[in-house]
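Accompanying notes for the structure given below.
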Amino acid sequence: MKIKSKLHYGDPLEPLHVEYDRRKGHFSMSSSHMHSHYELYYLFAGQRVYFIRDRSYTIQAGDFVIIPSDVVHRTLDSGVPDHERLVLYFNEDYFKQFAREDAELLLAPFHSARHIHRTAPHEKLHIEQRLYTMLHDIQEQQPGYRLTVQNTATDTLLYVARQMRNAVVDPADDILSPTEAKMMEIAQYINAHFRDDLTLERLSSRFYLSESYLSRTFKKLTGFAFTEYVGMTRVKEAQRLLRETNKRITDISEEVGFGSFAHFQKVFKELTALSPRDYRAQFRK
């Protein structure tokens, strides 16, 4: 039976959430993306550009993309139409079912500095057979289908963890074009100085680029407008402070670089769908 073009299993509040899409034409994520889940992305077909934290990666069919929790990321159109992808989302509760050493192994890919694992051609068929079987069970919902989903998700993550542990790093994977390297440098600067008064004018002067070129090229290579990326970086740190400290919310707003508390609340809610107060309340139960 043919798999539908769109499937999902579970929801974002559950320990495991699965999304599958087979898309026609050109597509880029339209909204900012940052969440507390650990994300394992697999590309069955097509080509995509994936921006993670401070750099972009071009990914091909057979690639896994590993995204830690609370990291800014977005998928972009590479210019090649049509793609098919699967995303497994795991939250912290998912890993509590395993012994500590097993949970640490499964979490290891998300703590790695590398975000891409390229599947060997001779393993791609076997992996996809298992993933398609899982998708078929999600679609048909035969008795016990949840076991298939749970076991396949765990086995897939275990495969990636083992492969990344034993992988030989190819230096060619880290080669960037001069333009990519410059935009990565700017993103890294924003991550290190988000508390400062960052404006397009100041950064264009610092990096010897025109404002229009910096704005246009940063958006093209990262998927984020300059101000959007700055806001997300500040909100990410605000989330950490709300979770881990008892500082006043107004003080946190100022500490992470927002000049206006009202603007902080607006941006925070746009990105998290929660007010800062409601976000903190989740971790005070």
Among 5, 28, which is the only one that is farther than 28 Å from residue 233 by Cβ and polar (S, T, N, Q)?
5
Qualifying position, being among the acidic types (Asp, Glu), surrounded by 16 or more Cβ atoms within 10 Å (Cβ to Cβ) and farther than 22 Å from residue 11 by Cα, among 185, 123, 128:
128
Report the residue count in segment 77-89 for those that are of a type in the set (A, V, I, L, M, F, W, C) and over 12 Å from the mean Cα position of the chain (by Cα).
2
Considering segment 131-160, residues that are in contact with a helix residue (DSSP H, G or I) (Cβ under 6 Å, 6 or more places away or on another chain) and not hydrophobic (A, V, I, L, M, F, W, C), and then whichever is surrounded by the most Cβ atoms within 10 Å (Cβ to Cβ), we arrive at 152
Test set (1) assigned to a helix (DSSP H, G or I); (2) farther than 19 Å from residue 18 by Cα; (3) more than 18 Å from the chain's Cα centre (by Cα) - residue 96 fails condition number:
(2)
Tell me which of these residue 110 doesn't satisfy, since it passes every other one: (1) part of a helix (DSSP H, G or I); (2) in contact with a Phe, Trp or Tyr (Cβ under 6 Å, 6 or more places away or on another chain); (3) surrounded by fewer than 17 Cβ atoms within 10 Å (Cβ to Cβ).
(3)
With criteria (1) of a type in the set (D, E, K, R); (2) touching a strand residue (DSSP E or B) at 6+ places or on another chain (Cβ under 7 Å); (3) not in a helix (DSSP H, G or I), residue 180 comes up short on (3)
Pick from segment 68-92, criterion closer than 18 Å to residue 14 by Cβ and either in contact with a strand residue (DSSP E or B) (Cβ under 6 Å, 6 or more places away or on another chain) or crowded, with 22+ Cβ neighbours inside 10 Å (or both), ranking: modelled with the lowest pLDDT
69
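Pick out, from segment 184-285, the helices (runs of 4 or more DSSP H) lying fully within it that include 1 or more residues that are more than 20 Å from residue 70 (Cα to Cα), under 22 Å from the mean Cα position of the chain (by Cα) and free of Cβ contacts under 8 Å to residues at least 12 places away in the same chain.
Here the list reads 211-222.
The values are calculated or read from the model by the stated rules, or taken from the named source; none is laboratory data. Keep in mind that this is a model prediction, so the values were computed, not measured. All Cβ positions, glycine included, derive from the backbone under ideal geometry; neighbour counts span all protein chains shown.
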